[in-house]
Amino acid sequence: MHRISRRTLSLLPFALLAACGGPEPKFKRYDGPPVTQIVVNKGERRMYLMSGRIVLKAYDVGLGNEPVGTKRFEGDGKTPEGVYFIDRFNPDSAYHLSLGVSYPNNLDTAFARSQGLDPGGDIFIHGWGAEGHRLAPGKRDWTAGCIAVRDEEIEEIYAMVQGGIPVVING
């Protein structure tokens, strides 16, 4: 009969965890059809990843904490409406992962400045992250103007989307 040392027993949980592969990485791979456009229907709280006219994926979304109407000024809590582009990727987002939306465009900036105000910025498609869960337990529209999806979903979106694709946001 073999005796198992205490040291061996203490290492057993780590060996089992390693055998299971540990947690899923947040950076996924995607090799399907290209995403050519993202469409967000604010009224439906739905976002669609499109390849041409084909819907590849659809997601329920949360919006700014004042979701009706288009974003005009910094701090208004609204999600913009119009055509924008994915212009940056943030792998270290406080909201798990995030894709930057090119708001404000020249028209947004001109309108806000004509009113003597700042149009705001830093609009993203992002996950909930730990901060989102703390800010909005049970609340769907909680961002400062961004588009929020579950963390598992932003991992998928982050893998599927390339920079420069249009983001069409409808009211």
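Restricting to the stretch 87-121, and then to whatever is in a helix (DSSP H, G or I) and either loosely packed, with under 15 Cβ neighbours inside 10 Å or polar (S, T, N, Q) (or both), can you tell me which residue is farthest from the chain's Cα centre (by Cα)? If you could, list the steps in order and put the result at the bottom.
Step one: list which residues in the stretch 87-121 are in a helix (DSSP H, G or I), which gives 106-114.
Then drop every residue that is not either loosely packed, with under 15 Cβ neighbours inside 10 Å or polar (S, T, N, Q) (or both), which leaves 106-107, 109-110, 113-114.
Working: 106: 24, 107: 24, 109: 24, 110: 27, 113: 28, 114: 31 Å.
Among them, the one singled out is 114.
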Qualifying residue in the stretch 150-160 (condition: out of contact with any Lys or Arg (no Cβ under 6 Å at 6 or more places or on another chain) and either under 14 Å from residue 42 (Cβ atoms) or among the polar types (S, T, N, Q) (or both)): no
Per-region count, the stretch 58-77, residues in a loop (DSSP other than H, G, I, E, B) and either surrounded by 22 or more Cβ atoms within 10 Å (Cβ to Cβ) or among the polar types (S, T, N, Q) (or both): 5
Residues within the stretch 1-55 that are at pLDDT below 55 and outside any loop (DSSP other than H, G, I, E, B), tallied: 15
Residue check, residue 113 basic (Lys, Arg) and within 24 Å of residue 164 (Cα to Cα): no
Residue in the stretch 155-169 that is at positive phi, at pLDDT 95 or above, part of a loop (DSSP other than H, G, I, E, B) and small (Gly, Ala, Ser) present: yes
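The values are calculated or read from the model by the stated rules, or taken from the named source; none is laboratory data. Note that the structure is predicted; figures quoted are calculated from it, not measured. Positions of Cβ are generated from backbone atoms using ideal geometry, with glycine treated the same way; all protein chains shown enter the neighbour counts.
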